[in-house]
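Here the structure is laid out as structure tokens; the discussion comes afterwards.
The values are calculated or read from the model by the stated rules, or taken from the named source; none is laboratory data. Not measured: the values here are computed from a predicted model. Note that each Cβ is placed from the backbone with ideal geometry, even for glycine, and that neighbours are counted across all protein chains shown. Please note that ligands, DNA and RNA were not included when accessible areas were found on the heavy atoms of the full protein model with its side chains. Shrake-Rupley method; radii C 1.70, N 1.55, O 1.52, S 1.80 Å.
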Amino acid sequence: AVALEDLKFTLQEVLDTFKSCLSEHKEVFLEHYVAGWRGLVKFMNCLGSVFSFISKDAVNKIQILVNHLNGENGAHYVTIQSMVKYELDSQLVDLTKRGSFPESGCRTLLRLHRALRWLELFLERLRTSTEDSNTSVMCSEAYNESLAQHHAWIIRKAAGTAFWALPGRATFFDVMNVGSPEQVMAVLGDTLPLISEVYQVTEDLYAQNNILELP
Ligand code: 1PX
């Protein structure tokens, strides 16, 4: 049976998942990373069907990573670090143009990683916002500073249109389901540094391996 809580999004829960991503040695556990994304998608689905083209792509990418994790080489996919090493050593990644490995873990995770930067920028804006701040504006600013640079014109156009359908700040906070606006701010303040750290560790790993521009 599905418990009611499973259907309900709470921001706290998602943020806790990202907290559990990092090992003592700053490795990122793929299982928790993917679970964090699942929670975010659940949240996005609460915001309305205009966002379904976005969540569809996210779900698709999450599923590719889950398949790697559950596959026969799953042991290599326990952390992002081990995944990158395994796929590069075994030449399982298209490095310069799309070819035999359109579903490599490295290129798939890179897309979510770039979206995590959007999330970081957006949540930082929310955290420092005031009652009259506009969520659509905050969202598109964060997008233009991050993901947009990796998207074709047609995707940017569609995303930009969807942003105008975002609910206002008060509804947003309600859907987050953590309590008063002050509590939302506190949760954001606690968790943003963790999201930033997961982002930075991944970014450094990809930079060291020269795979930040995978097709
Ligand atoms: C507490 C606030 C939480 C908010 C949670 C919202 C979660 C947002 C999740 C967005 C995930 C988007 C993943 C996009 C990955 C991507 O860049 N894919 C593109 C490239 O993939 P490819 O395989 O072709 O190389 C793909 O072309 C994307 C298509 C869909 C459009 C993506 C628009 C992204 C907008 C992100 C902002 C989401 C705003 C949600 C409103 C809250």
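Each Lys and Arg adds +1 at its Cβ and each Asp and Glu adds -1 at its Cβ; summed about the Cα centre, segment 4-208 shows a dipole of about 760 debye. With R₀ set to 25 Å, the beta-carbon distance separating PHE53 from LYS97 gives a calculated FRET efficiency near 0.45. Taking a straight line from the alpha carbon of LYS42, these lysines sit under 23 Å away, with near neighbours fewer than eight places off in the same chain left out: LYS8, LYS19, LYS56, LYS61.
Taking every protein chain into account, the 1.4 Å probe leaves VAL41 with about 10 Å² of accessible area, to the nearest ten.
Given contacts defined as C-alpha pairs under 8 Å and at least six residues apart, what's the relative contact order of segment 4-208, whole-number percent? If you can, show how the numbers build up before the last one.
Values: 193 pairs, mean separation 55.1, N = 205.
With pairs under 8 Å counted, the relative contact order is 27 percent.
With a 1.4 Å probe rolled over the protein heavy atoms of all chains, the accessible area of LYS26, LYS85, LYS56 falls in the order LYS56, LYS85, LYS26, largest first. Separation of segment 149-192 from segment 26-100 is 22 Å, based on Cα centroids. In this view, the solvent-accessible surface of GLU141, computed with a 1.4 Å probe and all protein chains in place, comes to about 80 Å². Net charge of the neighbourhood of ALA148, taken over other residues with C-beta under 13 Å away and scored Lys/Arg +1, Asp/Glu -1, is +2.
Roughly how many percent of the accessible protein surface of segment 4-208 is carbon and sulfur, given a 1.4 Å probe and a whole-percent answer? Show your work: numbers first, answer last.
Values: 5620 of 10580 Å².
That fraction is 53 percent.
Note that segment 110-209 presents 48 Å² accessible area per residue, ligands and nucleic acids not counted, probe 1.4 Å. A 1.4 Å probe run over the protein chains yields, for segment 8-47, 49 Å² of accessible area per residue, whole-number rounding.
Projecting the Cα atoms of VAL93, TYR199, PHE53 onto the charge dipole of the chain, computed from C-beta unit charges around the Cα centre, puts PHE53 farthest toward the positive end.
Figure the gain on full extension for ASP174 and ALA148 (residue separation times 0.36 nm, minus the Cα-Cα span) and round it to one decimal in nm.
Values: separation 26, 0.36 × 26 = 9.36 nm, distance 2.76 nm.
The ASP174-ALA148 span can extend by a further 6.6 nm.
Within the listed set GLN81, GLN183, GLN12, the Gaussian network model of the chain (springs between alpha-carbon atoms below 10 Å) gives the highest mean-square fluctuation for GLN183.
Between amide H atoms placed 1.01 Å from N, distances below 5 Å from THR79 occur with LEU30, all of them 5 or more places distant or on a separate chain.
Ordering ILE195, ILE54 by how much accessible area each has at a 1.4 Å probe, largest first, what is the list? Can you show the working numbers first?
Values: ILE195 0, ILE54 50 Å².
I get ILE54, ILE195, largest accessible area first.
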